[in-house]
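First comes the structure, then the notes that go with it.
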Amino acid sequence: MSALIQALKTAGAAAVTALFNTEWKSEDILINQTKPEFEGDYTLVTFAIIKVARLKPEEAGQKLGEYLVAHNSDLVTGFNVIKGFLNLHINEKWWQQFILNNYNNTTYGIKAPNHTKVMVEYSSPNTNKPLHFGHMRNIYLGYAVSEILKANGYDVIKANLVNDRGVHICKSMIAWQMFGNGATPASTGMKGDHLVGDYYVKFNNAYKQEVETLVAGGMTKEEAEKEAPIMKATQEMLRKWEAGDPEVRELWSTMNGWVYEGFFKTYARLGVDFDKMYYESNTYLLGKTLVEEGLRKGVLFQKEDGSVWIDLTADGLDEKLLLRGDGTSVYITQDLGTAVLKYNDFKLNQSVYVIGDEQNYHMKVLKLILQKMGEPCADGIYHLSYGMVELPTGRMKSREGTVVDADDMLDEMVALAKEESEKAGKANSFEAEEQNALFDIIGMGALKFYLLRVDPKKKMIFNPEESIDLHGFTATSVQYTHARIRSVLNNVLGGAAFNTEGLTLSLPLEKLEKELLLHLEQYPMILESAGAELNPAHLCNYAYDLAKLFNTFYGAHKVAAAENEEKKNLRIMLCQMTAMTLKNSMKMLGISVPERM
RNA sequence: GGUCCGGUAGCUCAGCUGGAUAGAGCAACAGCCUUCUAAGCUGUAGGCCAUUGGUUCGAAUCCAAUCCGGAUCACCA
């Protein structure tokens, strides 16, 4: 909550209670920022109050306004009433205090630790192909949410559960054995994840061909898909892997090693990291003991063939299988086990899973089962569900070669940043080293912002033909505004520290100055709601709005050549606070802002 | 078919715990660089907030129904 809004609610509630002989709570006071076409800063909406007061809206507003000015003059100095809207003027002394308290507060909006442990699991890739554009939404979301939760005082553990075993992994391995001729990242100069990904593609091609041949020989498609030699070999390899065959395990760890090397290069470029890695090869057998326990407790039941189920029909869902008749586990079984493992590893209060919305049902079932089994980890589980990133032609499909590769995308963004810099006449302004670092900051920022500015739960469409814009509602615009402010401050202060001792500020405030202040004061509230809703898009909107407001202010008022010294001081502090808030809010998104650009 | 999610300007999206005349960006058009960074600013144009009904002093926002689009409902992961 914004401190100012909170103060107004408290004062408003006290006023209603005193004036109209009724108990009124501060949370029942509705405060909105006053619309620009009316006079005032914040508006108290009185419609709910007039029912109790038994007055006309204008009279109730008038009485409330008078009361507030009389009893809370430190906060409210004036008002006007239009129908049920009581428009309040905030005491400029309040703003003066706000500025002096916060102009140099680098942790503005950041909360003290609340000792709540929350794990954020994100990325969680398969090790048979490189990361693509769709993964990037997941990765940026997970990282941003982690940062936002940290700023809200949570103790965050960033986790990555790697899907490093299974048929799909064996497919790449088989293809490499068959067609690889011993190729390695070193011998080919390829990034390991891309090399392995290529063999995954080679598998699919070879498989398709074998199936076609078999079908031509008179087999049905279904039979052919089972009988294709390369598929049989893959299944045999999976059996050997599970039996711990040293040769298969050796190849497996070698190829996975290549992939990890590639992944971590990409993660580094994306600017993300993890506190804890989980590997499915270590966790895929978990959950069986849990199932046994569930059977004992009577939460689960066994069918004649020995398979174990849970009945969720009472919750509007189906019966769900947890263990096959032969005693092997299914996907959800290991997820149950892993949920408990995570909980025990860190004594978690909450566990956030950043996973696409195609798994909504799965996650719902997972949580429900754990709840029914009485597992303490159950209630803290939260599925941060996000929509697919689609191309204008539909979903990305690796089989059709329509995936946008993550590494390619990053290269393209840096190239775009360079191109746009040249277009704007900014290239070659700095040393080459700074210039290149800048292209990186701009390119990466634009991409992150683009993927984070949309509400996670909405699916989004990315058109590679129209490259990501660096104008308008973008990180670039925010970055530029930050650099612009730094430049202004440099000009005014010349690198010297700003001394606020004995300073008085110029009052009254200009309209645009006040709008900036109103917005700055709301930052903690935005950070809080982004955390509560696990939605980084709020911060994208906030940062861009703030930048835009500043640019409007910048166009209308001078800092260096302000009307007088007091005005100049005020504006210097406004600049400082705006730059700081832009920087902080972008940091929450994993985006850095340059000192100049 | 059941469940869940979405439908707001030509396009991409805000706004959704009910409040004043629904906002940005892109694209289009017209302006603004001898004065702090023009990757910016100002203005014009663009809307039956999918449809219909309901609740309310008041609905893009809540409820119901309908229509479109998507996801999901495996002894796959």
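Peptides A:388-396, A:446-454, A:406-414 ranked from most to least packed give A:446-454, A:406-414, A:388-396, packing being the mean of other C-beta atoms within 10 angstrom over each peptide's residues. Descending by average beta-carbon neighbour count within 10 Å, the peptides A:62-72, A:14-24 line up as A:62-72, A:14-24, the highest first. The local environment of residue A:565, defined by Cβ-Cβ distances under 15 Å, has a net charge of +1 under the rule Lys, Arg +1 and Asp, Glu -1. Classified by the C-alpha gyration tensor, region A:163-295 has an oblate form. Its axis ratio a/c, with a ≥ b ≥ c, is 1.5 or above, and a/b does not exceed b/c. Determine which lysines satisfy two conditions relative to residue A:171: a Cα distance under 20 Å, and not lying fewer than 8 residues away in the same chain. Reachable lysines: A:129, A:191, A:202, A:208, A:221, A:226, A:232, A:240, A:397. Given their separation in residues at 0.36 nm each and the Cα-Cα distance between them, residue A:264 and residue A:105 gain 53.7 nm when the chain is fully extended. The phi-based Karplus calculation (6.51 cos²θ - 1.76 cosθ + 1.60; θ = phi - 60°) puts the 3J(HN,Hα) values of region A:252-263 at 4, 6, 5, 5, 4, x, 4, 5, 4, 4, x, 4 Hz, whole numbers, x for Gly and Pro. Annotated for region A:303-377: lysine pairs at least 8 residues apart or interchain, Cα distance under 21 Å, count 11.
For chain A, the relative contact order comes to 15 percent (Cα pairs under 8 Å, sequence separation of at least 6). Mean separation of Cα pairs under 8 Å and 6 or more residues apart, divided by the residue count, gives region A:188-247 a relative contact order of 26 percent. Each Lys and Arg contributes +1 and each Asp and Glu -1, all at the Cβ; summed about the Cα centre of region A:373-504, the dipole is approximately 500 debye. Using Cβ point charges alone (K and R +1, D and E -1), the dipole size of chain A about the Cα centre works out to roughly 820 debye. Charge tally for residue A:293 (other residues, Cβ to Cβ under 15 Å; Lys, Arg +1; Asp, Glu -1): +2. Proximity of backbone amide H atoms, modeled 1.01 Å from N, is registered between residue A:82 and A:87 at under 5 Å, excluding neighbours fewer than 5 places apart on the same chain. In chain A, helices alone account for a calculated mean residue ellipticity at 222 nm of -18000 deg cm²/dmol, with every DSSP H run of four or more residues adding -39,500 (n - 2.57). Amide H to amide H distances under 5 Å link residue A:278 with A:160, A:161, A:162, where only residues 5 or more positions off or on other chains count and H is placed in the peptide plane.
Coupling constants for region A:454-462 follow from the phi torsions by the Karplus curve (6.51 cos²θ - 1.76 cosθ + 1.60, θ = phi - 60°), and in residue order they are 9, 3, x, 6, 8, 6, 10, 10, 10 Hz; glycine and proline get x. The angle separating the long axis of helix A:475-493 from the principal Cα axis of greatest extent in chain A is about 40 degrees.
Number of Lys-Lys pairs in region A:495-597 with C-alpha atoms under 27 Å apart and a separation of 8 or more places or on different chains: 21.
Residue farthest toward the positive end of the dipole of chain A, with Cβ of Lys/Arg at +1 and Asp/Glu at -1: which of A:507, A:22, A:462? Farthest towards the positive pole: A:22. Please determine, in degrees from 0 to 90 and to the nearest 10, the orientation of helix A:537-556 with respect to the longest principal axis defined by the Cα atoms of chain A, where the helix direction is its Cα long axis. Roughly 40 degrees, rounded to the nearest 10.
Whole-Hz Karplus values for region A:75-88 come out as 10, 10, 10, x, 7, 9, 10, 10, 6, x, 10, 9, 8, 10 Hz, taken residue by residue from phi with 6.51 cos²θ - 1.76 cosθ + 1.60 and θ = phi - 60°; glycine and proline positions read x.
For the listed peptides A:166-179, A:336-349, A:210-223, A:31-44, a ranking on the average number of other beta carbons within 10 Å per residue, highest first, reads A:166-179, A:336-349, A:31-44, A:210-223.
Shape of region A:1-89 from the C-alpha gyration tensor: rounded (a/c under 1.5, with a ≥ b ≥ c the square roots of its eigenvalues). Could you work out the local net charge near residue A:312, counting Lys and Arg as +1, Asp and Glu as -1, over the other residues with Cβ closer than 13 Å to its Cβ? So the environment of residue A:312 carries a net charge of 0.
Among A:301, A:85, the order by Cβ neighbours within 10 angstrom, fewest to most, reads A:301, A:85.
Rule-based calculations on the coordinates, nothing more; no lab input. Here the structure is a predicted model, which is why all the values come from computation and not from measurement. With ideal geometry, Cβ positions are generated from the backbone for all residues, glycine too; neighbour counts draw on all protein chains shown.
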